[in-house]
1. Being open to solvent by 10 Å² or more (accessible area, probe 1.4 Å) and not in a helix (DSSP H, G or I) is the filter here; which residues of the stretch 1-46 pass it?
2. Could you list all residues from the stretch 177-209 that are hydroxyl-bearing (Ser, Thr, Tyr) and buried (at least 19 other Cβ atoms within 10 Å of the Cβ)?
3. Would you check if there is a residue in the stretch 47-59 being charged (D, E, K, R), open to solvent by 10 Å² or more (accessible area, probe 1.4 Å), part of a helix (DSSP H, G or I) and modelled with pLDDT under 90?
4. Which of the residues belonging to the stretch 70-93 are over 22 Å from Leu164 (Cβ atoms) and either open to solvent by less than 80 Å² (accessible area, probe 1.4 Å) or modelled with pLDDT of 90 or more (or both)?
5. Hey, Met212 hits all of (1) surrounded by 13 or more Cβ atoms within 10 Å (Cβ to Cβ); (2) out of contact with any His (no Cβ under 9 Å at 6 or more places or on another chain); (3) modelled with pLDDT of 85 or more but one; which does it fall short on?
6. Do we have Ala135 as at pLDDT 75 or above, touching a helix residue (DSSP H, G or I) at 6+ places or on another chain (Cβ under 6 Å) and not charged (D, E, K, R) here?
7. Mind checking which pairs have a first residue in the stretch 87-110 that is closer than 14 Å to Leu134 by Cα and a second that is basic (Lys, Arg) and modelled with pLDDT under 75, Cβ under 9 Å, 6 or more apart or different chains?
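The values are calculated or read from the model by the stated rules, or taken from the named source; none is laboratory data. Keep in mind the model is a prediction, meaning the values are calculated, not measured. Positions of Cβ are generated from backbone atoms using ideal geometry, with glycine treated the same way; all protein chains shown enter the neighbour counts. Areas reflect the complete protein model, heavy atoms only, side chains present, ligands, DNA and RNA absent. Shrake-Rupley method; radii C 1.70, N 1.55, O 1.52, S 1.80 Å.
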Amino acid sequence: MWLVLAFLSATLLGFYDSFKKKSLNGNAVIPVLFLNTLFSSLIFLPFIILSANSSVLDGTIFHVGTGGWEAHKYILLKSIIVLSSWVFGYFGMKHLPLTIVGPINATRPVMVLVGALLVFGERLNVYQWIGVALAVASFFMLSRSGKKEGIDFKHDKWIYFIVLAAVLGAVSGLYDKYLMAPRSHGGVGLDTMMVQSWYNIYQCFMMLIMLMVLWWPKRKHTTPFRWDWCIIFISVFLSAADFVYFYALSFPDAMISIVSMVRRGSVVVSFLFGAWLFHEKNLKSKVVDLLLVLLGMVFLYIGSH
């Protein structure tokens, strides 16, 4: 069941990336990101209120746990990490083809593995090292595909934005492992709905400050904001994807390494959207890059099984 949920989460993430790209085309980034955090907060706010003031959600997967500053300080840090990743990711995605962004983001499981190697002292086996090597090779091949579209991986700042977003996303994944692990295993043991609900709300307030300080005073001299209904779908599909992800991890036999890798399969959905909806170029060479990434994920799966 948890593996089915992981694939469902991957599909939802693919739609999330596609709606994000559609919303950002020719649009102001900061207002779009603010609205994303606002709508995501509004989705989870009823669960927070009902959990705190009634017993309706008691014993269900929608119940939001409570905790003081001791718990919320960890969630606040997660908000900062995730929002930093989103800021870099949104700006990068606005200026780059989805068929370039998707495969780069799909290398996150490799970064998580390397992070686990450095931070948690985990050791990689032969299959995992092959997966890492294939991911690195796909990145270099992707840079060759990008050159055909005038994108120089060494000198294009938007590539650095996407890579930095992916690195911060991997940091967030490692931090999730620490937050969700029980105290008996060296973690914090936080409630998953509590984390997902409150980190969205903290991000909303952070983005409101950025909106008022960075964008509003200069709005007439920068890219104008235009409303797009896809902005709502960004929040809906992201919230659903994350909820299914956390629910999958609630199963006792669920393997977080496998779930995380399956979720990166979202690149297939976003790649198809890039080809069909945005009519992006050089698809034949990019398909080879994508297949290398997916093959690398297969080896990571075998090595983690």
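1. Correct list: Met1, Asn25, Gly26.
2. Passing the criteria: Thr192, Ser197, Tyr199, Tyr202.
3. no
4. Ala71, His72, Lys73, Tyr74, Ile75 - these are the residues of the stretch 70-93 that are over 22 Å from Leu164 (Cβ atoms) and either open to solvent by less than 80 Å² (accessible area, probe 1.4 Å) or modelled with pLDDT of 90 or more (or both).
5. (1)
6. Spelling it out, it is not the case that Ala135 is at pLDDT 75 or above, touching a helix residue (DSSP H, G or I) at 6+ places or on another chain (Cβ under 6 Å) and not charged (D, E, K, R).
7. Between residues of the stretch 87-110 that are closer than 14 Å to Leu134 by Cα and residues that are basic (Lys, Arg) and modelled with pLDDT under 75, the close pairs are Pro103/Lys286; Ala106/Arg264; Thr107/Arg264; Arg108/Arg264; Pro109/Arg264.
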